[in-house]
Each structure stands twice: as C-alpha cells, then as structure tokens.
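Asker: This is the structure I want to talk about, given as structure tokens.
The values are calculated or read from the model by the stated rules, or taken from the named source; none is laboratory data. Nothing here was measured: the structure is a model prediction, and the numbers come from that model. Note: ideal-geometry Cβ built from the backbone for every residue, glycine included; neighbour counts use all protein chains shown.
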Amino acid sequence: VSPYGVHDMAGNVMEWTATSRGEEEGLPLIILRGGAWSSDGVDSSTFSRTITQSYIRSAGVGFRCAR
C-alpha cells in the first residue's frame, strides 16, 4: 500500500532496460529492473536488478515505452 492508499503498484513485469553489461557466450547481457507478477516481495522493488542474456523470453519481462 502506498502512502496514498493505492494497492498493487509493483510487480506487473520486469523492465528490460537499454543498459547492457558486456557479453556472455557471444550474446549481450541485459539488465532487467523491478519485479514481475511472479516475483517475491524483495524482487518487486524498483531498485531490484537482474542481469541476464538478451535472448530471454518470459511472460514476466516487458518494455516501458516513453517519449
């Protein structure tokens, strides 16, 4: 619950960011931020970060489109 009384503000999908972290096995490593609907409480925070390979496919990973 937020200070404003709003529920369920975190945990939709992990955000695939534009930041990369080198390569592993010839494939770029990417950074996922936040938590997904399937994450535990610790991983649902905005400061949570996961480094993984760029070919990942998951219902819990998405993009944020902004202008």
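Asker: Can you confirm whether Gly26 is over 14 Å from Arg64 (Cβ atoms), in contact with a Pro (Cβ under 8 Å, 6 or more places away or on another chain) and of a type outside the set (D, E, K, R)?
Answerer: No: the conditions fail for Gly26.
Asker: For region 22-67, name all the residues that are under 12 Å from the mean Cα position of the chain (by Cα) and surrounded by fewer than 12 Cβ atoms within 10 Å (Cβ to Cβ).
Answerer: Hits for region 22-67 are Thr46, Phe47, Ala59, Phe63, Arg64.
Asker: While we're here: Can you list residue pairs whose Cβ atoms sit under 6 Å apart, with the first residue in region 22-38 being closer than 10 Å to Gly60 by Cα and the second being surrounded by 13 or more Cβ atoms within 10 Å (Cβ to Cβ) and of a type in the set (Gly, Ala, Ser)? Count only pairs 6 or more apart in sequence or on different chains.
Answerer: The qualifying pairs are Gly35/Gly11; Gly35/Ser44; Gly35/Ser48; Ala36/Gly60; Trp37/Gly11; Ser38/Gly60.
Asker: With respect to the numbered conditions (1) closer than 24 Å to Ser2 by Cβ; (2) of a type in the set (A, V, I, L, M); (3) not in a loop (DSSP other than H, G, I, E, B), which one is the sole condition not fulfilled by Val42?
Answerer: Here Val42 clears every test but (3).
Asker: Same structure, new question: Could you identify the single residue in Trp37, Trp16 that is of a type in the set (A, V, I, L, M, F, W, C) and outside any loop (DSSP other than H, G, I, E, B)?
Answerer: Trp16
This table checks each residue for (1) among the β-branched types (Val, Ile, Thr); (2) in contact with a helix residue (DSSP H, G or I) (Cβ under 9 Å, 6 or more places away or on another chain); (3) modelled with pLDDT of 75 or more.
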{"residue": "Ser2", "(1), (2), (3)": "no, no, no"}
{"residue": "Asp8", "(1), (2), (3)": "no, no, no"}
{"residue": "Asn12", "(1), (2), (3)": "no, no, yes"}
{"residue": "Thr17", "(1), (2), (3)": "yes, no, yes"}
{"residue": "Leu29", "(1), (2), (3)": "no, no, yes"}
{"residue": "Arg33", "(1), (2), (3)": "no, no, yes"}
{"residue": "Phe47", "(1), (2), (3)": "no, no, yes"}
{"residue": "Thr50", "(1), (2), (3)": "yes, no, yes"}
{"residue": "Ser58", "(1), (2), (3)": "no, no, yes"}
